[in-house]
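The values are calculated or read from the model by the stated rules, or taken from the named source; none is laboratory data. None of the values given here were measured: they were computed from a predicted structure. Reconstructed Cβ throughout: ideal geometry from the backbone, glycine too, with neighbour counts over all protein chains shown. Please note that ligands, DNA and RNA were not included when accessible areas were found on the heavy atoms of the full protein model with its side chains. Shrake-Rupley method; radii C 1.70, N 1.55, O 1.52, S 1.80 Å.
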Amino acid sequence: EVDFGGGVSLVGTDYDGVVIGLDDRGQTRWGRSLDALGSAGEALGLTRLPDGTIVVAGFADGGASLGGGRVDGLGGRDGFLAAFSPDGGFRRGTLLGGAGNEELHAAAATADGGVVVVGTFDRTITLGPARLSVVDITDVFVARLDAAWKVQWAVAFGSGGPDAATGVAVDDAGRIYV
């Protein structure tokens with residue numbers, strides 16, 4: 001159990017993610033646990049949508065409990081997105097992945113309420129209309145999701161070794177930087 005102050009204590013297993021909301025003085029307002037149903041899970045990035053929704057990106061092994069019930073795993077380790085209202089209420093959650101191991105490392109909000117995510121994968125995955133294949137070990141993917149979290153497009157990049165992307169940004173013109 002971790003005590004975040006302000007009456008917020010969260011209980012999880014060894015490798016779970018959390019998201020907490022603080023006020024402008026650093027006082028804890030709320031907290032939520034993002035629990036992997038398998039052996040590991042982490043919350044690695046977050047962004048704020050234009051309507052104030054907080055979106056958390058990460059990964060979970062064997063499925064996850066993201067605040068609104070269980071989401072069954074797709075195979076191996078899967079990337080997750082979980083959305084919360086500014087006061088911590090659960091809005092929605094989903095997994096992105098396939099039979100291999102996929103992780104979401106970061107998310108950036110788009111002006112229309114969608115998100116762009118970056119992550120890694122180690123096999124072939126299908127994200128919306130794109131079928132992506134790994135070059136070697138692990139590769140990077142970038143995916144654009146609309147406001148309903150439907151994948152609009154995805155691209156992959158890789159070299160002869162393990163690759164990773166740890167950040168993403170979207171400018172006012174909609175250009176994406178990884």
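In table form, for the structure just shown:
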read-out: 3J(HN,Hα) from dihedral phi, region 26-36, Karplus parametrisation 6.51/-1.76/1.60, rounded to Hz, x for glycine, proline; value: x, 8, 5, 9, 7, x, 9, 8, 10, 9, 6
read-out: Interchain or long-range residues, amide H under 5 Å from Gln152's placed H; value: Arg144, Leu145, Asp146
read-out: Net charge, Gln152 excluded, C-beta distance under 9 Å - Lys, Arg +1, Asp, Glu -1; value: +1
read-out: Estimated vicinal HN-Hα couplings, Hz - region 120-134 in sequence order (Karplus 6.51, -1.76, 1.60; Gly, Pro = x); value: 10, 8, 10, 8, 8, 9, 10, 10, x, x, 9, 10, 10, 10, 6
read-out: Translational diffusion coefficient (Stokes-Einstein; Kirkwood radius from C-alpha pairs) of the chain at 20 °C, 1.002 mPa s, in µm²/s; value: 131
read-out: Low-density loop positions, chymotrypsin sites (Phe, Trp or Tyr not before Pro), region 142-174 - DSSP coil, at most 13 other Cβ in 10 Å; value: none
read-out: Calculated FRET value between Val135 and Ala99, using beta carbons and R₀ = 22 Å, to 0.05; value: 0.80
read-out: For region 1-73 and region 126-178, distance of Cα centres in Å; value: 23
read-out: Probe 1.4 Å, accessible area per residue of the chain, Å²; value: 47
read-out: Dipole magnitude of region 42-175 about its Cα centre (Cβ charges: Lys, Arg +1; Asp, Glu -1), debye to nearest 20; value: 300
read-out: Amide H contacts of Leu22 (H built 1.01 Å from N, under 5 Å, at least 5 apart or other chain); value: Arg29
read-out: Gain in span if fully extended, Arg175 to Val2, counting 0.36 nm per residue against the direct Cα distance; value: 58.4 nm
